[in-house]
Amino acid sequence: MKVISHELLNSITPIRSISQNLQELVEQDSISSDDLEDIKNGVGTMLRRSDLLQKFVEGYRKLAMQPSPQKEKIDLLQLIEYCLQIMNPLFKEKGIEVINTITFKYWLFVDQQQIEQVLINLLTNSMHALENTESKQISIAAEIKENRIFIKITDNGSGIDEEIENKVFLPFFTTRKEGAGIGLTLSKSIIEAHGGYLDFKNQDGKTTFVICLVEG
């Protein structure tokens with residue numbers, strides 16, 4: 001609620017202030033060319049703030065209306081390869097080397113569409129983290145421990161600063177200007193709805209996001 005209130009006030013407060021100024025201008029007996037310019041600028045500002053508010057609401061709706069997983073039996077390797085196929089054009093364009101070390105056969109019981117969304121979100125996150133890295137590399141690995149599988153996506157990008165480590169999964173938190181800040185929040189929500197968890201670690205100059213899923 002704090003996040004929602006803050007975002008709403010950030011848009012509503014300037015919109016209300018501009019509206020009051022515009023009302024005073026249009027109630028004048030005559031409108032000068034300077035006043036007309038002020039009106040145009042004010043309306044443009046309100047439209048931009050309204051667009052940002054709409055984007056925020058749409059993002060929140062995605063988080064709030066996430067459907068329950070419709071689970072089915074999915075081959076892990078095929079799932080990974082499908083997501084890489086979607087992302088490959090972008091990886092090639094940005095000169096990113098992708099290494100998939102998963103070689104074993106494993107069946108997941110998951111909602112395919114939702115887990116694809118998580119994997120693509122994490123791969124996209126890694127891609128952006130590599131923007132200022134010369135030798136760009138993303139690696140994908142998996143290991144099975146007892147009745148759990150751990151899927152790991154690692155990049156050698158800029159890493160996650162200590163001061164924001166506790167914020168990366170917060171709704172609408174982002175370090176990118178064009179980012180909506182819901183990708184990681186949504187991914188975490190999806191994995192938790194599957195009975196697992198999503199976490200990350202910084203180690204040896206690399207960042208690894210770990211998806212943990214329980215068999216069955």
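The values are calculated or read from the model by the stated rules, or taken from the named source; none is laboratory data. Nothing here was measured: the structure is a model prediction, and the numbers come from that model. Virtual Cβ from ideal backbone geometry, glycine too; neighbours counted across all protein chains shown. We work out accessible area using only protein heavy atoms, side chains counted, and drop any ligands, DNA or RNA first. Shrake-Rupley method; radii C 1.70, N 1.55, O 1.52, S 1.80 Å.
State which entries of 71/188; 55/201; 55/188; 73/136; 73/201 exceed 26 angstrom in Cα-Cα distance in the structure shown. Over 26 Å Cα-Cα: 55/201; 73/136; 73/201.
Pairwise Cα distances in region 53-129 exceed 15 Å in 65 percent of cases. Taking the inverse of the mean 1/r over every pair of distinct Cα atoms in region 14-166 gives a Kirkwood hydrodynamic radius of 19.9 Å.
Ranked from highest to lowest mean number of other Cβ atoms within 10 Å per residue, what is the order of the peptides 27-35, 133-141? It would help to have the intermediate numbers written out before the result.
Details: 27-35: 8.9, 133-141: 15.9.
Ranked from most to least packed, the peptides come out as 133-141, 27-35.
What accessible area per residue, rounded to a whole number of Å², is obtained for region 104-156 using a probe radius of 1.4 Å?
Here the per-residue accessible area is 48 Å².
Take each peptide in 204-212, 117-125, count the other Cβ atoms within 10 Å of every residue, and average; sorted highest first, the result is 117-125, 204-212.
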